[in-house]
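Notes to accompany the following structure.
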Amino acid sequence: MTGLRMHPRTRTVEKARWELKGTMQRLIADHKLTDAEIQIILNEEARDWLKYELRHERHPDDPDKKADEA
């Protein structure tokens, strides 16, 4: 029986996650952001990333076309 094999990108992604977390903590402290303000920023960024991912998924040959367009 062999041990669990990790995907080659697992460690890279985890390292990037911790770097992002540290950067976020510095920005939060520097700008004295409230919990609500942090959530607004994170939610808006996630929405933007997902919007363009959905556009690509629905219209891979026309990236300028909105996701809801036929």
### Task
Report the net charge of residues surrounding residue 48, where surrounding means a beta-carbon distance below 14 angstrom and charges are Lys +1, Arg +1, Asp -1, Glu -1.
+1
### Task
Return the long-range amide H neighbours of residue 33 (sequence gap of 5 or more, or a different chain), with a cut-off of under 5 Å between placed amide H atoms.
none
#### Entry: For log10 I(q)/I(0) by the Debye sum over Cα atoms at q = 0.11, 0.20 Å⁻¹, calculated from these coordinates, the label among [x] -0.27, -0.85; [y] -0.29, -0.94; [z] -0.52, -0.91
[z]
### Query
Using only helices, what value at 222 nm comes out for the chain when you add -39,500 (n - 2.57) per DSSP H run of length 4 or more and divide by the total residues, to the nearest 500 deg cm²/dmol?
-23000 deg cm²/dmol
### Query
Lysine pairs, Cα distance under 27 Å, 8 or more residues apart or cross-chain: how many in the chain?
6
### Dipole of segment 10-58, positive end: most advanced residue of 52, 31, 41 [Cβ charges, Cα centre]
52
### Task
Only Lys, Arg, Asp and Glu count, each charged at its Cβ (+1, +1, -1, -1), so figure out the dipole size of the chain about its Cα centre, rounded to 20 debye.
520 debye
### Task
Can you figure out the FRET efficiency of residue 41 with residue 4, using R₀ = 30 Å and their beta-carbon distance, to the nearest 0.05?
0.30
### Message
Expected output is a single nm value to one decimal: the length gained when fully extending between residue 29 and residue 54, i.e. 0.36 nm times separation in residues minus the C-alpha distance. What is it?
### Response
5.7 nm
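Bear in mind that the values in this text are calculations on the coordinates, not laboratory data. Every value quoted in this text rests on a predicted model; they were computed, and no experiment measured them. All Cβ positions, glycine included, derive from the backbone under ideal geometry; neighbour counts span all protein chains shown.
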